[in-house]
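Student: Sharing a structure here in structure tokens format.
The values are calculated or read from the model by the stated rules, or taken from the named source; none is laboratory data. Note that the structure is predicted; figures quoted are calculated from it, not measured. Please note: Cβ atoms are built from the backbone with ideal geometry, for glycine as well, and neighbour counts cover all protein chains shown. Heads up: the accessible areas ignore ligands, DNA and RNA and are worked out on the full protein's heavy atoms, side chains in. Shrake-Rupley method; radii C 1.70, N 1.55, O 1.52, S 1.80 Å.
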Amino acid sequence: MADPILTLDDVRLDLDGNAGRVEILKGITLDVAAGESVGLVGPSGSGKSSLLMVMGGLERATSGGIHALGHDLTAMGEDALARFRRHHMGVVFQSFHLIPTMTALENVATPLELAGHRDAFDRAAAELEAVGLGHRTGHYPSQLSGGEQQRVALARAAAPEPEILLADEPTGNLDGPTGEAIVELLFGLNARKGATLVLVTHDPGLAARCGRTIRLEDGRLAAPARSEAAE
């Protein structure tokens with residue numbers, strides 16, 4: 001493997017539940033190389049989404065080390081993590097997480113403005129054009145279909161040209177053809193811009209398109225399997 005862009009060392013995550021403290025991740029050690037595409041698979045409740053959130057600093061690990069681009073995420077405060085994500089990571093969620101009072105253009109441009117890009121609106125317009133929504137820039141989320149909202153979310157994640165792109169069930173709320181279009185856009189970013197892609201999916205076909213598939217079972221890594229594309 002090339003030098004890792006993302007490294008997890010014995011990462012554990014415990015969360016409080018109705019029945020008390022619950023172990024979610026139980027000692028995850030993992031390297032992800034720059035430009036790699038990785039599919040996280042496993043049964044519901046195995047810890048896939050939690051692992052993705054820990055990778056992005058969106059969930060604080062209980063113990064262990066997490067390094068991204070040489071930076072120790074576990075040593076950062078919330079503000080520093082937010083700045084790091086703005087400049088280096090894109091995150092796509094199943095439920096879109098668009099701001100309802102902002103247009104598609106504003107949803108994409110606002111993170112760029114926060115990151116200090118003076119051409120934020122020009123870049124946002126270009127990304128919306130790239131995902132086929134150049135004609136919908138002035139529409140609000142409520143005026144867009146689910147597939148269109150996910151395209152806006154993907155444009156927002158891609159606009160800063162992040163080194164790492166994290167996607168949590170990005171096609172989970174979409175019909176087949178629309179989901180396939182989103183998949184093509186995700187892997188297009190991985191191929192064209194060299195973004196490292198880590199995605200959570202229940203879809204075996206989608207996982208098989210990744211260079212590597214990693215299976216989680218009860219908060220632990222099972223033996224990782226490589227797809228044919230990675231051989």
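Student: Using label points projected 7 Å from each Cα along Cα→Cβ, tell me how many nm separate Thr101 and Asp9, to one decimal.
Tutor: 4.4
Student: Stretched out fully, how many nm does the piece from Asp203 to Asp16 gain, at 0.36 nm a residue minus the Cα gap?
Tutor: Between Asp203 and Asp16, full extension yields 64.4 nm more.
Student: Next question. With angles folded into 0 to 90 degrees, how steeply does helix 78-88 sit against the dominant principal axis of the chain? Use alpha carbons for both and round to 10.
Tutor: For helix 78-88, the angle is close to 70 degrees.
Student: On to the next question. Given a Förster distance of 22 Å, report the FRET efficiency between Ala80 and Asp122 from their Cβ-Cβ distance, rounded to the nearest 0.05.
Tutor: Numbers: r = 28 Å, r/R0 = 1.27.
Taking R0 as 22 Å, the efficiency between Ala80 and Asp122 is 0.20.
Student: Give the accessible surface of the chain per residue, rounded to a whole number of Å², with probe radius 1.4 Å and ligands, DNA and RNA excluded.
Tutor: Solvent-accessible surface per residue comes out at 46 Å².
Student: Moving to a separate point now. Provide the gained length on full extension for the span Glu129 to Glu161, in nm with one decimal, where the gain is 0.36 nm per separating residue minus the Cα-Cα distance.
Tutor: Net length gain for the segment: 10.0 nm.
Student: Calculated from DSSP H runs of 4 or more alone, at -39500 (n - 2.57) each and per residue, what is the 222 nm mean residue ellipticity of the chain, nearest 500?
Tutor: Only helices count here, giving -10000 deg cm²/dmol.
Student: Additional query: From the list (i) 17.7, 53; (ii) 17.7, 70; (iii) 17.3, 50, can you say which value of Rg and Dmax of the Cα atoms in Å was derived from the structure given?
Tutor: (iii)
Student: Classify segment 73-123: rounded, prolate or oblate, from the alpha-carbon gyration tensor (a ≥ b ≥ c, eigenvalue square roots; a/c under 1.5 rounded; otherwise prolate if a/b is larger than b/c)?
Tutor: Judged from the Cα gyration tensor, segment 73-123 comes out oblate (a/c at least 1.5, b/c at or above a/b).
Student: Same structure, new question: If you roll a 1.4 angstrom probe over the protein chains with everything in place, what fraction of the accessible area of the chain belongs to carbon and sulfur, to the nearest %?
Tutor: The value for the chain is 49 percent carbon and sulfur by accessible area.
Student: Given bins 10 angstrom wide, list per bin the percent of all Cα-Cα distances in segment 122-231, short to long.
Tutor: With 10 Å bins starting at 0, P(r) equals 13, 43, 31, 11, 2.
Student: Return the long-range amide H neighbours of Ile5 (sequence gap of 5 or more, or a different chain), with a cut-off of under 5 Å between placed amide H atoms.
Tutor: Val32, Ala33, Ala34
Student: Let me ask you something else. So, R0 is 25 Å and r is the distance between the beta-carbons of Ala34 and Tyr140; what FRET efficiency does that work out to, to 0.05?
Tutor: Here the calculated transfer efficiency is 0.10.
Student: Another question about this same structure. Once both axes come from the Cα atoms, what is the angle between helix 120-130 and the longest principal axis of the chain, in degrees from 0 to 90, rounded to 10?
Tutor: Rounded to the nearest ten degrees, it is 80.
Student: For His67, tell me the accessible area in Å² from a 1.4 Å probe, rounded to the nearest 10.
Tutor: About 80 Å², ignoring ligands and nucleic acids.
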